[in-house]
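First the structure, in the form of structure tokens, and then the observations on it.
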Amino acid sequence: MAENNAPTSAPAKKGKLKLIILVVLVVILAIALSVAGTLWFLGGGLPGMSEDTQGDEGVATETFTPSTYLEIEKALVTTVQGEGRQRYAQAYVALGARDPQALSAAQLHMPLIRSQLVMVLGNSGFMELQTPEGRQGLVDSMLITVNQVLEQEGEPAVDQVLLRNFVVQ
């Protein structure tokens with residue numbers, strides 16, 4: 001009876017060995033695919049792959065350039081057109097641009113820019129400035145004004161004007 005048990009255990013060992021080998025191969029394949037996918041998504045490509053530069057000669061690659069900001073330290077304060085009463089507006093403003101040279105130019109011409117921004121703010125209506133649309137219109141007007149000043153001086157334009165804090169009363 002001992003002879004009958006010996007032949008049945010050999011196929012069981014072969015089956016377990018095949019299962020272990022299969023599991024190890026699947027794990028190795030999963031690890032390899034994970035590493036290849038990570039390299040691919042991080043933009044490093046796969047090892048051994050060279051990029052074909054012949055087809056891409058006419059295509060410019062875009063790189064991400066983060067914006068930098070210039071905060072106008074002092075608030076812009078002026079009176080605004082009200083309903084028969086004198087109203088005040090106070091705005092803390094920042095300028096944003098992807099070109100650092102534009103912010104350097106804005107810093108250089110800050111007295112003129114501040115003066116023009118106070119004029120834009122002062123020409124706004126009190127009721128208009130209380131709505132989100134009115135504040136967006138003010139920001140758009142300020143951006144146009146800043147870029148006009150910079151253009152007059154032969155400098156690059158800024159991309160945005162941001163209201164850091166805004167009060168009307």
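Laboratory data are not the source of any read-out in this text; all were calculated from the coordinates shown. Here the structure is a predicted model, which is why all the values come from computation and not from measurement. Cβ: placed from backbone, ideal geometry, glycine included. Neighbour counts: every protein chain shown.
With a Förster radius of 35 Å applied to the C-beta separation of residue 20 and residue 41, the computed FRET efficiency comes to 0.65. Counted residue by residue at 0.36 nm each, then reduced by the alpha carbon distance between them, the extension gain from residue 107 to residue 165 reaches 18.9 nm. Summing charges over all other residues whose Cβ lies under 13 Å from the Cβ of residue 101, with Lys and Arg as +1 and Asp and Glu as -1, gives -3. Here the translational diffusion coefficient of segment 68-168 follows from Stokes-Einstein with Rh set to the Kirkwood radius across Cα pairs; for 25 °C and 0.890 mPa s it amounts to 180 µm²/s. Which of 113, 162, 79 sits closest to the plus end of the dipole of segment 68-168, meaning its Cα is farthest towards the positive end, when Lys and Arg get +1 and Asp and Glu get -1 on the C-beta? The one lying farthest along the dipole's positive direction is 79. Relative protection proxy for 97-109, 27-39, from highest mean packing down: 97-109, 27-39 (other beta-carbon atoms within 10 angstrom). Here the spin labels are modelled as points 7 Å beyond Cα on the Cα-Cβ line, and at residue 13 and residue 65 they lie 7.1 nm apart.
Between the beta carbons of residue 30 and residue 114, assuming R0 = 35 Å, the FRET efficiency works out to 0.05 to the nearest 0.05.
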